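Colleague: Encoded as structure tokens, here's the structure I'll be asking about.
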Amino acid sequence: MSISTCHFTVKKQVFIGYAKLMKPIFNRLQFPTPEVIANNQALADMVEQLQLKGIKRPMIITDNVFSTLPAFQLLLDVFELTDIEYSVFDEVVPDPDFLVIDKGINACKAHNFDAVIAIGGGSSIDAAKVINTCAFNDVKARKVVGMFKIKHKGAYFVAIPTTSGTGSETTIVSVMTDENDHQKKPVVSMKIVPDMAVLDPRLMVGLPPHITAATGMDALTHAMESYLSLYSTPELDKLNLITIRDIFSYLPACYGDQSGSLEHRLKMAEASHNAGVSFTQTSVGWVHGIAHQLGAFYKMPHGLANALVLPHVLKFYVPAATKRMAEMADAIGITQGSDLQKANQLVDRVSALCIELNIEVKPGMIKFMDLKVMSKNIINEAYMSPYPVPRYFESQHALEGFIYTIFK
Ligand SMILES: [Fe+2]
């Protein structure tokens, strides 16, 4: 064994011990969850609730593409005939930086806001989490980067996802991009979880199929990594198995549904939300670790990156988590065979789902010369989190080889 391999092995054992040590602490934490309104007229129900709470001057936060779509008008329409004086900040961009956040903070203050309504994908909701807290408590955005730096909640906070994937409307995480060093800067705090999540399937009907596919696979990855996490609990197990079952049932239907079934979209929105509730409490794993680097190096969409990596990581887990994977297989109707056979069939079914959604590895997606740095970053993220996964790589070199075989 070389010195570097030996060093890695020691670090790995420390890391595994740390992850195990954290389990009871993690399981005892009280994670806040938003009040959920989920139905075909959830926007109207939301406004009723806002009026009951006496909210008069909400700031609507979104991106400048969504604000031009007919779906955005659905939101504005529900404020007609009310005395609510909203304002719109629609300058959020994908992977928002601190310049955008600062503009949002100024807009909120200028409007003398008393609530925030974030509508859009993960970037809009993530940005709103930080804008709201910083504007309400008069704190600089850069000061809240890191773990649990936020001391106080912001104004009343409504999150309205328009994709079914990130689960951002219920998580304790927001990710900013630093315009100075172009690195992702996570803000983690119980104080940024929205007070209300509004799941209205009418907002998701017009999504392009490739976004439906990628975001849906992000949600499936959340539920599966959560189920395989050392931090999972019997309660979360139940929720994750239902979520996994529903995603296998309804994601292909949403992807191929030309008529735009509200029922299927609502099921996916709920599945995505529940996966968000779960992974907030259990953390994620290697799929996300690798996907984050694919996003950082190549701007690969998060859901697509997860989808490409998920079957391979599941295959890697089979020897270490056979029973847990057989249980996930049971949830999607694979009931014949030994646990090992079921676990392997689960991997095949995830691969088949990717094919059905036209998700596949294409030549040139990654540059193999980047693998060394990428793997180092992934290992660092896994150690820092820590990722409570069922199996660990034997060395950084092994991880490099693993990623190579996915994209070769
Ligand atoms: Fe994700």
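Derivation of every value follows stated rules applied to the coordinates shown; laboratory data play no part. Values in this document were obtained by computation on a predicted structure and should not be read as measured data. Cβ: placed from backbone, ideal geometry, glycine included. Neighbour counts: every protein chain shown.
Colleague: Run the helix sum for the chain: -39,500 (n - 2.57) per DSSP H stretch of 4+ residues, divided by residue count, reported at 222 nm to the nearest 500 deg cm²/dmol.
Modeller: Numbers: 14 runs with 222 residues, N = 408.
Calculated from helices alone, the mean residue ellipticity at 222 nm is -18000 deg cm²/dmol.
Colleague: Let me ask something additional. With just the Cα atoms defining each centre, how far is region 315-354 from region 149-205? Give it in Å.
Modeller: 32
Colleague: No solvent, one uniform scatterer per C-alpha: report log10 I(q)/I(0) for region 275-374 via the Debye equation at q = 0.20 1/Å, two decimals.
Modeller: -1.10
Colleague: How large is the translational diffusion coefficient of region 35-203 in µm² per second when you combine the Kirkwood radius over alpha carbon pairs with Stokes-Einstein at 4 °C and 1.567 mPa s?
Modeller: The Stokes-Einstein estimate is 83 µm²/s.
Colleague: Neighbour counts of other C-beta atoms within 10 Å: give me Val198, Val78 arranged from fewest to most.
Modeller: If I rank by nearby Cβ atoms, fewest first, I get Val78, Val198.
Colleague: Right, something else. Tell me, Kirkwood radius of the chain from alpha-carbon pair distances, in Å?
Modeller: One over the average 1/r among Cα pairs gives 21.7 Å for the chain.
Colleague: Over region 31-166, what relative contact order in percent results from Cα pairs under 8 Å that are six or more residues apart?
Modeller: Reported as a whole number, the value is 25 percent.
Colleague: Within the chain, what's the longest stretch lacking GluC sites (Glu not before Pro) that sit in DSSP loops with no more than 13 other Cβ atoms inside 10 Å?
Modeller: For GluC sites (Glu not before Pro) (loop position, at most 13 other Cβ atoms within 10 Å), the longest site-free span of the chain is 180-359.
Colleague: What net charge is computed for the residues neighbouring Thr166, neighbours being all others with C-beta under 9 Å from the C-beta of Thr166, Lys and Arg scored +1, Asp and Glu -1?
Modeller: -3
Colleague: Nearest 10 degrees is fine. How inclined is helix 209-228 to the longest principal axis of the chain, computing both from alpha carbons?
Modeller: Here the helix axis deviates by roughly 60 degrees.
Colleague: What whole number of Å gives the distance from the Cα centroid of region 261-304 to the Cα centroid of region 366-388?
Modeller: 19
Colleague: Please arrange Cys354, Cys108 by how many other C-beta atoms lie within 10 Å of their C-beta, fewest to most.
Modeller: Least crowded to most crowded, the residues run Cys354, Cys108.
Colleague: What percent of all Cα-Cα pairs in region 173-217 falls in each 10 Å bin, counting up from 0?
Modeller: 20, 26, 41, 12
Colleague: Further question: What relative contact order, as a whole-number percentage, does region 267-383 give when Cα pairs under 8 Å and 6 or more residues apart are counted?
Modeller: With pairs under 8 Å counted, the relative contact order is 28 percent.
Colleague: Cα-Cα over 32 Å: which of Lys20/Lys408; Lys267/Lys323; Lys151/Lys367? Intermediate values should be presented prior to the final figure.
Modeller: Numbers: Lys20/Lys408 34 Å; Lys267/Lys323 27 Å; Lys151/Lys367 42 Å.
Those over the limit are Lys20/Lys408; Lys151/Lys367.
Colleague: If you don't mind, there's one more thing I want to ask. Sort Tyr18, Tyr250 by Cβ crowding within 10 Å, fewest neighbours at the top. Walk me through the intermediate numbers first.
Modeller: Values: Tyr18 12, Tyr250 23.
Final ranking by Cβ density, sparse to dense: Tyr18, Tyr250.
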